[in-house]
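The values are calculated or read from the model by the stated rules, or taken from the named source; none is laboratory data. Predicted model only: the values in this text are computed from it and were never measured. Neighbour counts run over all protein chains shown; Cβ positions are idealised from the backbone, glycine included.
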Amino acid sequence: MAILRVKEILALGSKEQEGKLIELRKELIKIQSQISTGAVKETARVRNLKRTVARILTLQKQKLNGGSTEKK
């Protein structure tokens with residue numbers, strides 16, 4: 001799974017965003033378990049997946065709040 005940028009996430013519908021979120025979380029769990037067993041040395045992938053998940057969640061939250069990024 002490639003890293004999704006903001007423009008790419010915004011181009012997706014809400015159902016597609018949810019699907020990508022589930023897919024990314026599954027991949028994150030799989031890679032973390034492979035790292036713990038020593039099968040994979042690609043630890044930077046975990047950071048990139050976490051950032052992409054956070055990016056999707058942030059954009060979804062902004063959409064719910066009407067686009068504002070200010071603290072209340």
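Worth a mention:
- Screening Gln17 against (1) more than 10 Å from the chain's Cα centre (by Cα); (2) surrounded by 12 or more Cβ atoms within 10 Å (Cβ to Cβ) leaves a single unmet condition, (1).
- Residue satisfying all of: in the range 20-52; surrounded by 11 or more Cβ atoms within 10 Å (Cβ to Cβ) and of a type in the set (Ser, Thr, Tyr); nearest to Lys63 (Cα to Cα) among these: Thr52
- Top-ranked residue of the range 15-72 - restricted to ones that are in contact (Cβ under 8 Å) with a residue 12 or more places away in the chain and among the β-branched types (Val, Ile, Thr), ranked as farthest from Arg5 (Cα to Cα): Ile31
- Top-ranked residue in the range 21-72 [being among the hydroxyl-bearing types (Ser, Thr, Tyr) and at pLDDT 90 or above; ranked as nearest to the chain's Cα centre (by Cα)]: Thr52
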